[in-house]
1. Taking the DSSP beta bridges in the range 208-335 as the whole, what percent of them are antiparallel, to the nearest 5?
2. Let me check something: with ligands and nucleic acids excluded, how do Cys324, Cys306 order by accessible area (1.4 Å probe), largest to smallest?
3. Given the C-alpha centroids of the range 76-124 and the range 414-436, what is the distance between them in whole angstrom?
4. Quick one: order His311, His397 from most to least accessible surface, probe 1.4 Å.
5. Mind checking the full-extension length gain between Asn105 and Asp224? Use 0.36 nm per residue of separation minus the Cα-Cα distance, one decimal, nm.
6. For helix 458-467, report the angle its Cα long axis makes with the longest principal axis of the Cα atoms of the chain; keep it between 0 and 90° and round to the nearest 10°.
7. Would you tell me the accessible area of Ser205, worked out with a 1.4 angstrom probe on the heavy atoms of the protein chains, in Å² to the nearest 10?
8. In whole angstrom, note down how far apart the Cα centers of the range 559-612 and the range 23-72 are.
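The values are calculated or read from the model by the stated rules, or taken from the named source; none is laboratory data. Every value quoted in this text rests on a predicted model; they were computed, and no experiment measured them. Here the Cβ positions follow ideal geometry from the backbone for every residue, glycine too, while neighbour counts run over all protein chains shown. Just so you know, the surface numbers come from the protein's heavy atoms only, side chains and all, with ligands and any DNA or RNA stripped out. Shrake-Rupley method; radii C 1.70, N 1.55, O 1.52, S 1.80 Å.
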Amino acid sequence: MCGIVGYIGYKKATPILINGLLRLEYRGYDSAGIATIENNEIVVIKNKGRVNTLANLDGIDKLEGTVGIAHTRWATHGKPSKENSHPHLDNSKSIAVVHNGIIENYHELKKFLTEKGYKFLSTTDSEVIPNLIHYYFNQDSKNDENRLLRAVKNTCKDLKGSYAIEILSIYNKDKMIVARKDSPLVIGRGLKESYIASDIPAILSYTKDFYLLDDNEIVELSKDKIKFYNNELEEFEKPIKSIEWGAISVEKDGYEDFMLKEINEQPRAIRETVGAKLDNGKIEIEGLEFSKEYLESLNKIYIVACGTAMHAGLVAKSTFEKFCKIPVEVDIASEFRYRDPLIDEKTLCIYISQSGETADTIAALKLAKSKGAKTLAITNVIGSSITREADYSIYTHAGPEIAVASTKAYTSQVVLLIIVGMYFAEKLERIDVSILKNLKSDILKLPSQIEEILKSTNQIQEFARKVYKEKDMFFLGRGTDYAVSLEGSLKLKEISYIHSESYAAGELKHGPIALIENGVTVVATMTNPDLVEKSISNIQEVVTRGAKVFVITSEDIKNDGLSWVIKIPKTNTLISPILSVIPMQLFAYYISKEKGLDVDKPRNLAKSVTVE
Ligand code: F6R
């Protein structure tokens, strides 16, 4: 889970690389480094710390090279330190490499190279790569222009695990080689220049034309040429894709943090997610074509994802089951992939991933495919790895999400999942059309209802100020209010470092109520009119025991006697989490700000979890 950037062209590489790294810091930020070719020599500047530290290191302003690679790290093997930072050099200092991913067989490779006399300066897995390239380069007796390329090919064949790598070498000073397997890598094409990055937003301000690399591809770049090879070094043509996101959407745009910007972008993101899907009589979703016969044949739907994306699945489960009358199981990808789930051709597996690069989710998808199930990916990133594996891919169109804590991706995932559930229901004809019609009109109101919630955030901020020093908090809810509480609790943990648990309110008496004592903070959500009496008695149970309760409820629900109440507009209970999560996101945000924490880059977390 690191970020890599590269540049080859006619401009000074360093400012472009630093700028790209800053945009990739959400992928990792414990060390950063850069390498360029200066007067026939590779110069590496790196250290632990953030990209801004790198930008101020001695000598960085003197780099003039027009070919360069750079890296921002999220440590997996070896603690953050100068030695463990990338780029890594081979022993002869002729080859520099940056790597994202994990080399699973690095012990074996290190032993092999050590026996051949190579020395290692770091405790990383990545340092084997430049040395192995050097080894193969030396073994090759044919001294032609493809010698380095062959060494890279042989190295890639030896690597087990995942990698996106960029290689600079004095053997080929005007070229750069990049390769990928199970780690994202894109190339942006300009005029007589190319930009390389782990993902598109890092280089979107330079170009809109991209090549999205696939697994086992090796690419040789020079100033005005890009050559694509498979892992046997057979050259092939790759189509270029134009991406529409404006560069402005990856800027903070006047907001203090990306997270606050992204919370505020939710009305627009949802409008984009809904698009024209509900405009005509029947729901139409580009990229999705399931026949009534196929849907009737299904005996189970799995929704599989990690973290926040999995929470989106939990909210949508009720809609699928109610409307389609098909049992739905929501599972965590890292559990699903190892528990031998019951899957056959009568199972549909839906995978949700904002980044489309989450290693466990991709592995869980491959597993279902191998067992004959159809797979549907819901992601925010066009061309991401998951879309290349899935039978069907549809997009949330929420725009780039930069803050590590997911907000607009979650709400747009819930919206898209609910629409998919309704699309299935229309085909299956197992539910009254008027129910679907009403829900469609409720979905169309969501963006303006969120705008309304976002207008009055003072009370949330005030409550955050009151409780930001707490060590523990509890979230309670029933039904979809419970599902969204799980997400509220996760947001709080991630960015405020306050321990919190979310419970189905009916479970309180079965254990957790023992933890409720004077002064404990509870966030209780009750938006379902059918369950309100039960929820109120749960709230009373904790109030009686001295808890401070922050209630999120719907404007049509009575809340006599409760002091801290946030009212959200009335909507269908199936989609109320899309509204009730907004105060929860803001609550976590304001607590984090009160504590003076880095909201966008919480400790130990990375945006895109491309390793297991
Ligand atoms: C939490 C968060 C994570 C991600 C999870 C899956 O705010 O962002 O829990 O939801 O790592 O990531 P994607 O959706 O990219 O597969």
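1. Values: 9 of 14 bridges.
Of the beta bridges lying entirely in the range 208-335, close to 65 percent run antiparallel.
2. Details: Cys324 0, Cys306 40 Å².
The ordering from most to least exposed comes out as Cys306, Cys324.
3. 52 Å
4. Details: His311 20, His397 85 Å².
The residues order as His397, His311, largest area first.
5. On the way: separation 119, 0.36 × 119 = 42.84 nm, distance 3.58 nm.
Here the answer is 39.3 nm.
6. 80 degrees
7. Only protein atoms counted, so the area is about 60 Å².
8. First find each Cα centre; the distance between them is then 35 Å.
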